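The values are calculated or read from the model by the stated rules, or taken from the named source; none is laboratory data. All of these numbers come straight from a predicted model, not from anything done at the bench. All Cβ positions, glycine included, derive from the backbone under ideal geometry; neighbour counts span all protein chains shown. All accessible areas refer to the heavy atoms of the entire protein, side chains included, with ligands and DNA or RNA removed. Shrake-Rupley method; radii C 1.70, N 1.55, O 1.52, S 1.80 Å.
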Amino acid sequence: MGRAFEYRRAAKEKRWDKMSRIFPKLAKAITMAAKDGGQDPDMNAALRTAIQNAKAQNMPKDNIESAIKRASGKDAADFTEINYEGKGPHGVLVFVECATDNSTRTVANVKSYFNKVGGSLVPTGSLNSCSAESGFRISQGVV
Amino acid sequence: MPMPITPILEHCHQRWRKRKIEVTKANLERIPNFRVEFTEDQLVEIEKLIDKLEEDDDVQGVYNETLHKH
């Protein structure tokens, strides 16, 4: 792979971290985990992991706490997980994982992104080549 | 990304805690069985699509089969 590409990609990712673009996504993961298995991180492994991931990205504590609280609020949005599969430019296969409270909006948006670049959504289940795998990364090992 | 934490992962966490190894990130990822090679120009176009998808608030994760790891 070209070095210019790698470099540009790395610079972009750095910028994204600063932009805190990922906070809403991390918060959503926390809210969903809290709703699923209870608000106590000691009893809820999924929530604990979600909090850990958020902390690793330097998400402020207040944000984390409010994300947990959002799971129990009266106006708690009901998120559902949906996956979309699509074909992008040059036939690249893309797997999109979504968590949404309004799937009508999501599917319209995702479809439009694909259509704009000359791709399209493909029926769910077409992408057998993408297998679900678990992965851990220890980015900071203190032994 | 919302994830079903398997007992295996939980077991690993316990072991790591015992050994005082700090876990900073743990998540489930979709890993393609086959990687496809693209030219740089093609990758730029593909990247545009992936950026668009990732920017959407409803999207939690995007996985694809390019050789380059996004």
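Summary table below
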| quantity | calculated |
| --- | --- |
| Output for the stretch A:43-55, where each listed residue is modelled with pLDDT of 85 or more and of a type outside the set (S, T, N, Q) | A:Leu47, A:Arg48, A:Ala50, A:Ile51, A:Ala54, A:Lys55 |
| Within the stretch A:56-108, considering residues that are at pLDDT 85 or above and of a type in the set (Ser, Thr, Tyr), the one surrounded by the most Cβ atoms within 10 Å (Cβ to Cβ) | A:Thr100 |
| Filtered residue count, the stretch B:23-68, keeping only those that are under 20 Å from A:Ala56 (Cα atoms), of a type in the set (Lys, Arg) and not in a strand (DSSP E or B) | 0 |
| Subset of the stretch A:34-43 [open to solvent by less than 70 Å² (accessible area, probe 1.4 Å) and either small (Gly, Ala, Ser) or not in a loop (DSSP other than H, G, I, E, B) (or both)] | A:Ala34, A:Gly37, A:Gly38 |
| Residues of the stretch A:44-55 satisfying the condition of being assigned to a loop (DSSP other than H, G, I, E, B) and either open to solvent by 40 Å² or more (accessible area, probe 1.4 Å) or closer than 30 Å to A:Gly118 by Cα (or both) | none |
| Any pair with Cβ under 8 angstrom, 6 or more apart, that starts in the stretch B:11-23 at a residue that is within 7 Å of chain A (Cβ to nearest Cβ) and ends at one that is open to solvent by less than 40 Å² (accessible area, probe 1.4 Å) | B:Val23/B:His13 |
| Considering residues of the stretch B:32-51 that are touching an Asp or Glu at 6+ places or on another chain (Cβ under 7 Å) and farther than 21 Å from A:Val110 by Cα only, the residue nearest to the other protein chains (Cβ to nearest Cβ) | B:Phe34 |
